[in-house]
Amino acid sequence: MESALLLLSISVLMIIGVPIGISIGLGIITVIAVYGIAPAQFLAQSMYSGLDSFPLMAIPVFMLAGSIMDTGGLSKRLINVAKHIVGNMTGGLGMVAIIACFFFGAISGSAPATVGAVGSIMIPYMVKAGYDRDYSTALCACAGGLGIIVPPSIPFVVYGCATMTSVSDLFLAGIGPAIVVASILIAVSYVISKKNGYTSGGQKFEFKALLRAVWEAKWALFLPVIILGGIYSGIFTPTEAAVIAVAYGIFIGKYVYRELTWKGLLGIFNSSTTFVGGFMMTFAPATALGAIFALLHIPDMVRDGLLSVSSETWVILLIINLVLLVIGMLMDAMSAIIIFAPIIYQILTGIGIDPVHIGIIITINLAVGFVTPPVCSNLFVASGLTGIPIDRIVRKSWPFVIALIAAVFIVTYIPQISLSILNFV
């Protein structure tokens with residue numbers, strides 16, 4: 001009865017429009033008041049301990065770094081490199097958009113930020129070259145999901161904090177899956193472009209031109225090297241890497257590329273503050289919810305229910321993936337990880353799945369949620385860039401959504417894609 005009241009209270013509050021964090025907190029208070037399962041101060045103590053995490057500080061700072069990189073001119077230089085890599089190929093500009101999202105994801109760690117940075121440049125360029133406007137918008141929206149798969153990824157940090165898994169290992173393990181996702185999206189883009197006669201825009205591949213583009217973008221390309229190299233060499237932690245990324249971005253944007261102004265930087269800080277407040281308001285009560293789940297033995301009940309369906313690992317993984325795909329459609333990625341990751345972690349580690357691989361599975365599933373209604377935040381960002389209604393973008397995005405779902409199952413059932421690289425570090 002306690003579990004039913006808890007879940008019912010939270011669900012009803014969320015349905016009527018109460019913010020997720022407040023809904024969770026009020027649901028916990030209701031259960032404590034009715035059944036007395038914990039002292040009244042339990043909620044405050046759990047919320048405080050949940051926020052008392054050094055790695056958690058990396059989340060708002062990485063978000064800030066991504067905004068600074070975009071405003072400071074780094075994103076358009078990354079796109080220029082991608083254009084020279086692809087050259088005069090069928091569907092070349094679509095491939096450029098995907099590769100640019102891959103590059104920018106290695107800076108921002110955010111899917112919507114990646115869509116905004118890359119889409120604002122690539123969509124008009126693709127339309128000018130003869131690409132369908134709806135298709136171009138859908139492609140950039142779907143490719144933006146790479147923003148949370150390519151390390152450093154904000155959801156990886158959230159998962160690491162929620163389950164006490166190494167954030168550094170998650171960053172490293174994300175490289176292989178990101179390459180798989182990008183490759184599948186490029187293949188789909190090529191097939192669609194071949195069918196519709198989409199070209200690269202007439203720019204032929206020239207090695208010297210590529211070298212010039214790389215040299216011009218060297219400061220932007222060097223940032224992921226600094227972040228990941230510093231983390232894996234032990235020079236600094238992921239949280240310290242985020243701070244270094246912000247300082248580096250301000251310096252390059254202001255004094256090297258000279259496109260970042262102090263007024264623009266103040267606007268970035270203001271918008272980032274809103275994100276941080278909303279995130280913390282969700283994360284703190286969600287941490288307490290995890291403790292309540294443990295008190296009520298909900299993870300054990302869920303695990304026993306799954307095992308009653310089948311004891312086969314592949315079946316349990318299939319069910320988990322299907323559930324995560326639905327969750328991604330209904331809830332933003334951060335909230336979903338905070339609430340459900342500890343439960344999924346206990347279930348899958350109990351049947352021998354590596355904790356790092358679990359984090360990869362959850363993140364890629366939720367990347368699909370960024371382009372599947374009703375939440376579909378990437379589609380809203382893309383729609384805001386072009387003014388195209390969401391339903392029209394959805395009609396053009398379904399081949400890429402299928403490709404993303406295929407990538408989910410490939411990465412799920414071939415764990416070596418994620419974990420092999422950890423053996424070499």
**Asked** If you check Leu366 against the conditions, is it at pLDDT 90 or above and assigned to a helix (DSSP H, G or I)?
**Response** yes
**Item:** Odd one out for Met280, checked against (1) under 22 Å from Pro415 (Cβ atoms); (2) open to solvent by 30 Å² or more (accessible area, probe 1.4 Å); (3) of a type outside the set (Val, Ile, Thr); (4) part of a helix (DSSP H, G or I)
**Value:** (1)
**Item:** Matching residues in region 401-425 - criterion: being modelled with pLDDT of 95 or more, buried (at least 18 other Cβ atoms within 10 Å of the Cβ) and not aliphatic (A, V, I, L, M)
**Value:** Thr412
**Message:** Can you tell me which residue is farthest from the chain's Cα centre (by Cα) among those in region 314-356 that are small (Gly, Ala, Ser) and in a helix (DSSP H, G or I)?
**Reply:** Ala341
**Message:** For region 47-73, give me each residue that is more than 30 Å from Ala162 (Cα to Cα) and either modelled with pLDDT of 75 or more or among the polar types (S, T, N, Q) (or both).
**Reply:** Thr71
**Message:** When you check Leu228 against the structure, is it out of contact with any Cys (no Cβ under 6 Å at 6 or more places or on another chain) and surrounded by 15 or more Cβ atoms within 10 Å (Cβ to Cβ), yes or no?
**Reply:** yes
**Request:** Please verify whether region 148-163 includes one or more residues that are more than 29 Å from Ala333 (Cα to Cα) and modelled with pLDDT of 85 or more.
**Result:** no
**Message:** Name the single residue that is farthest from Leu172 (Cα to Cα) among those in region 244-266 being open to solvent by 60 Å² or more (accessible area, probe 1.4 Å) and of a type in the set (Ser, Thr, Tyr).
**Reply:** Thr261
**Complete:** In region 232-243, anything open to solvent by 40 Å² or more (accessible area, probe 1.4 Å) and closer than 9 Å to Ala65 by Cα is listed as Val243
**Complete:** Considering region 90-121, residues that are under 15 Å from the mean Cα position of the chain (by Cα) and outside any helix (DSSP H, G or I), and then whichever is surrounded by the most Cβ atoms within 10 Å (Cβ to Cβ), we arrive at Gly109
**Asked** Which one of these is at pLDDT 85 or above, small (Gly, Ala, Ser) and either part of a helix (DSSP H, G or I) or over 15 Å from the mean Cα position of the chain (by Cα) (or both): Ser200, Ser168?
**Response** Ser168
**Complete:** Pairs returned, first residue in region 301-324 that is within 17 Å of Asp354 (Cβ to Cβ) and open to solvent by 30 Å² or more (accessible area, probe 1.4 Å), second residue that is in a loop (DSSP other than H, G, I, E, B) and among the β-branched types (Val, Ile, Thr), beta-carbon separation under 8 angstrom, 6 or more apart or interchain, are Thr313/Ile351; Thr313/Ile353
**Prompt:** Looking at region 27-46, which of its residues are assigned to a helix (DSSP H, G or I), open to solvent by less than 80 Å² (accessible area, probe 1.4 Å) and either farther than 26 Å from Gly160 by Cβ or among the polar types (S, T, N, Q) (or both)?
**Reply:** Thr30, Val31, Ile32, Ser46
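Listed here are the residues, each with its yes/no results for (1) of a type outside the set (S, T, N, Q); (2) out of contact with any Asp or Glu (no Cβ under 9 Å at 6 or more places or on another chain).
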{"residue": "Ser9", "(1), (2)": "no, yes"}
{"residue": "Pro19", "(1), (2)": "yes, yes"}
{"residue": "Ser23", "(1), (2)": "no, yes"}
{"residue": "Pro39", "(1), (2)": "yes, yes"}
{"residue": "Asn80", "(1), (2)": "no, no"}
{"residue": "Thr90", "(1), (2)": "no, yes"}
**Request:** Specify the residue that is modelled with the highest pLDDT; the eligible residues are those in region 369-380 that are in a helix (DSSP H, G or I) and surrounded by fewer than 24 Cβ atoms within 10 Å (Cβ to Cβ).
**Result:** Phe380
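The values are calculated or read from the model by the stated rules, or taken from the named source; none is laboratory data. Keep in mind the model is a prediction, meaning the values are calculated, not measured. Virtual Cβ from ideal backbone geometry, glycine too; neighbours counted across all protein chains shown. Note: areas computed on protein heavy atoms with side chains; ligands, DNA, RNA excluded. Shrake-Rupley method; radii C 1.70, N 1.55, O 1.52, S 1.80 Å.
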